[in-house]
């Protein structure tokens, strides 16, 4: 498509040069005819000029439409590169503000700058070819005109390069402010935050902050505009002065030398056309230079490893049997924090075992889950599957064999079938498997009862969509995890949106639901995880106690204390019943 555009530009540029030659011939016929009364050559020249003008217009039309499609293809390709680079980046990169700055610039540049580069390149080629055709015509009339006209465009070109550098510096400096402003704007527009914004009357406060951030950008932009206006004005003045000298020279040659009126007219037209083409050439060079500065950010991000540490640092051997999952002396620290979020954690999960991680909020349970699922790498220590350190194998194999139901799971605004099928997208069209998963998770009845059944869009944002309650969404997410058929299943607060009856039923069914799979249950509700084969109690990023429910109660440690505090809310009878009730596996 690019080659086709260039060919059309070559033909269009040749047509412009031909127009000038035909214009010169027509002027000669008219001037000579005014003296001799013979205009016989005029009709054929006019016809030829009309044909060339029509051809040039057609070429220009086709070229513009071709370039429009080419721009879309370039934008799609470059945005795909950014998405691939972001997807390959390690999850920990998303904890780094500078990564978000670079991602923002790369994504914005991906949608604009490659298109500008393409258009600038095509504009440069068009201006060069057209200028060459016009220049050849000028040389045949008076070569000195070409020298002056080229000299006139140099100041504008230099000013344009300076404008590009200043705009790039402005964009880089404004990235953090722009990100914050966009975030505030999304809070004011997004459905998920709309209820709290209204409940707390936050619209005025957030709007004022949005306005202040925007005013900060406008103030900086005012300064930039003044600077760019000064540079552009100086370049334009210099160009105008040289153009004036060129026109004065043309008048002198007509008045004092033997230059025909036809040649003078053709030269004047050529000068005007060439001046416009050279100005376009300077603009194209400026666009290419300015875009190249922004494209540098894009190129750096999409380069291998440019998005940060990659999930796939090189060729790694495949993962064998999962076997026992072991964590040894694992520590982890987020880039934005001074202290470790995990400190020297040891943990074992045997095949087919149900293990619970309990502790108060902020104790490190979810962070440990991300290490187990291969989403984070330990800062030190190791996570092993079947005796193999997962850092030494293809991490994608670890993720393929694990299923994670996060507390803040994604609510895809897609069909119910796709929401469940995201657990194993390769079989997203296998409705029978999806129904089996939703039936196991208790979601089949309400999904089938929706207006379009499993093809109903979830969420009201799209026409015909139906929203779900928090508990129903959680059951859909549970079905997604079930469908994955993973060997390690991690359930992070899987009952957060369920009522007590549904919570009790789900925890009781976990062993049957994920029979034969290793399960990690994460909860801060101690009374809900008594079914686990082993319970790890976490506090301050460390495992402080481990054992089954009876062992931990006999230890009279943190688990026993917090267990009694929690069940006390249900009264002595419930507490006594829960404390002495045998585990489901012992019945």
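Extension gain residue 173-residue 241, at 0.36 nm per residue separation less the Cα-Cα distance, in nm? Show your work: numbers first, answer last.
Values: separation 68, 0.36 × 68 = 24.48 nm, distance 3.62 nm.
Full-extension gain reported as 20.9 nm.
First measure r as the distance between the Cβ atoms of residue 391 and residue 515, then evaluate 1/(1 + (r/R0)^6) with R0 = 30 Å and state the FRET efficiency to the nearest 0.05. List each step's numbers first, then the result.
Numbers: r = 30 Å, r/R0 = 1.01.
E between residue 391 and residue 515, to the nearest 0.05, is 0.50.
Quick one: if you stick a label point 7 Å off each Cα along the C-beta vector at residue 225 and residue 65, how many nm between them?
3.8
Determine, from the Cβ-Cβ distance of residue 400 and residue 132 and an R0 of 45 Å, the FRET efficiency 1/(1 + (r/R0)^6), rounded to the nearest 0.05.
Working: r = 58 Å, r/R0 = 1.29.
With R0 = 45 Å, the Cβ-Cβ based efficiency is 0.20.
Remind me, relative contact order of the range 408-485 in percent, using alpha carbon pairs under 8 angstrom and six or more residues apart? Mind showing how you got there, number by number?
Values: 110 pairs, mean separation 31.8, N = 78.
Averaging sequence separation for qualifying contacts and normalising by length gives 41 percent for the range 408-485.
Specify the inter-centroid distance of the range 113-130 and the range 431-455, based on alpha-carbon positions, in whole Å.
If you average the Cα positions of each part, the centres end up 53 Å apart.
Does the range 1-86 classify as rounded, prolate or oblate by the C-alpha gyration tensor (a ≥ b ≥ c root eigenvalues; a/c under 1.5 gives rounded; else a/b over b/c gives prolate, otherwise oblate)? Could you put the intermediate results ahead of the total?
Working: a/c = 6.19, a/b = 4.98, b/c = 1.24.
It is prolate, given that a/c is not under 1.5 and a/b is the larger ratio.
Could you work out how far the C-alpha centroid of the range 76-106 sits from that of the range 163-235, in angstrom?
21
What FRET efficiency comes out for residue 328 versus residue 427 if R0 is 45 angstrom and r is the Cβ-Cβ distance? Round to the nearest 0.05.
Values: r = 35 Å, r/R0 = 0.79.
The calculated FRET efficiency here is 0.80.
Return the distance in nm (one decimal) between the two label points of a simple spin-label model at residue 548 and residue 72, each offset 7 Å from Cα along Cα→Cβ.
Simple spin-label model gives 6.4 nm for this pair.
Label point 7 Å out from residue 207 along Cα-to-Cβ: which residues of the range 166-192 have amide N under 16 Å?
Hits in the range 166-192 for residue 207 at 16 Å: 184-190.
Given the Cα-Cα distance of residue 292 and residue 252 and 0.36 nm per residue of separation, how much length would full extension add, in nm?
Details: separation 40, 0.36 × 40 = 14.40 nm, distance 4.35 nm.
Stretched out fully, the residue 292 to residue 252 stretch lengthens by 10.1 nm.
Need one number: nm distance between label points at residue 10 and residue 200, each 7 Å from Cα along Cα→Cβ, rounded to one decimal.
Going by the 7 Å Cα→Cβ label model, 6.5 nm.
How would you rank 16-23, 556-563, highest first, on the average number of other Cβ atoms within 10 Å across their residues? Write down the numbers at each step before the final one.
Details: 16-23: 20.0, 556-563: 17.1.
Taking the mean over residues of other Cβ atoms within 10 Å, the ranking is 16-23, 556-563.
Please work out whether the range 408-485 counts as rounded, prolate or oblate from its C-alpha gyration tensor, where a ≥ b ≥ c are the square roots of the eigenvalues and a/c under 1.5 means rounded, while otherwise a/b larger than b/c means prolate and anything else oblate?
Details: a/c = 1.44, a/b = 1.36, b/c = 1.06.
Because its axes are fairly even, with a/c under 1.5, the range 408-485 counts as rounded.
Every number here is computed from the coordinates shown, using simple stated rules; none is lab data. Computed from a predicted structure; not experimentally measured. Counting neighbours? That spans all protein chains shown, and the Cβs are built from the backbone with ideal geometry, glycine included.
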